[in-house]
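Some notes on the structure that comes next.
Laboratory data are not the source of any read-out in this text; all were calculated from the coordinates shown. Everything numeric in this text was worked out from a predicted model, so none of it was measured.
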Amino acid sequence: MTALEQPLAAPWRVEQSDCMRLLASLPEGSVDVVTTDPAYSGMNQHMSFGNGRIVGRYSDAANQRWFTEFRDDPDTFLAFLRECHRVMRDGGHIYVMFDSFSLLSLGHLMREVFAVKNLIVWDKVNLGMGHYFRRRHETIVFATKGHRRLSRRDLADVWPIKRIHRGAYPTQKPVALFSRMLAGSAEPGMMVCDPFVGSGSSAVAALLAGCEVVAADIDPRAVRIASDRCAAVTAGAPDPAQRTAAVESRP
Ligand SMILES: C[S@@+](CC[C@H](N)C(=O)[O-])C[C@H]1O[C@@H](n2cnc3c(N)ncnc32)[C@H](O)[C@@H]1O
């Protein structure tokens, strides 16, 4: 049973909203698990070279490859984490994804708010870009509010899961990545929250795990794609944005 004041009519809700506005709308202690992949601006601002930034201009509205960045200065990020902490119940679990820049600039702030338990490596299996060592991984910080163990003891902290090529949305992550986050943290009926839901892969993973989802994204494209996916999965139809198997079995 959800602790939200107005129970969800469907098991999911995806709003077009700023992350802080979504969190402010949720009652204290109403979320069991947060799984999220924020739109950090640091990587784009600081890892530039030559005449341009490495990943194009986020601010250019005509550039449909990218999306709005979250202002990721330490104060804003801390305020975001504190709001996550407020809406989580005691014993709640949180998974926050970091790229290599934000991991060093912001990752340590997780410790000011939560009990950090693991740094998890997402091994994307195939080589990505990079001017020194080519990037093949991202990091997920796993932390808790208070104390609750994982429900499984067989989960490793390196997750080899192939990245999505030419997805429906920029930086669309595989559903299997979020299914791994939920594997030892969620049980059917729990409330999962993603304030930066993008294409909705985290929401699909939560629905497949029998959970309810409350999520937001500032980008209307993202909200449309995520809502379509949630509606399809809830109706028992295939995920329209990821045709391959949505859940990995190997822990
Ligand atoms: C890295 S993407 C998430 C991708 C997602 N995990 C997926 O699999 O598709 C980050 C998302 O954060 C959204 N975003 C940026 N600033 C935001 C804000 N202030 N509040 C909510 N969402 C925001 C962007 O529009 C983008 O869709």
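Couple of notes before you dig in:
- Extension gain, Leu208 back to Arg153 (0.36 nm per residue minus Cα-Cα distance, nm): 17.7 nm
- Lys117 long-range amide H proximity, modeled H, under 5 Å: Phe142, Ala143, Thr144
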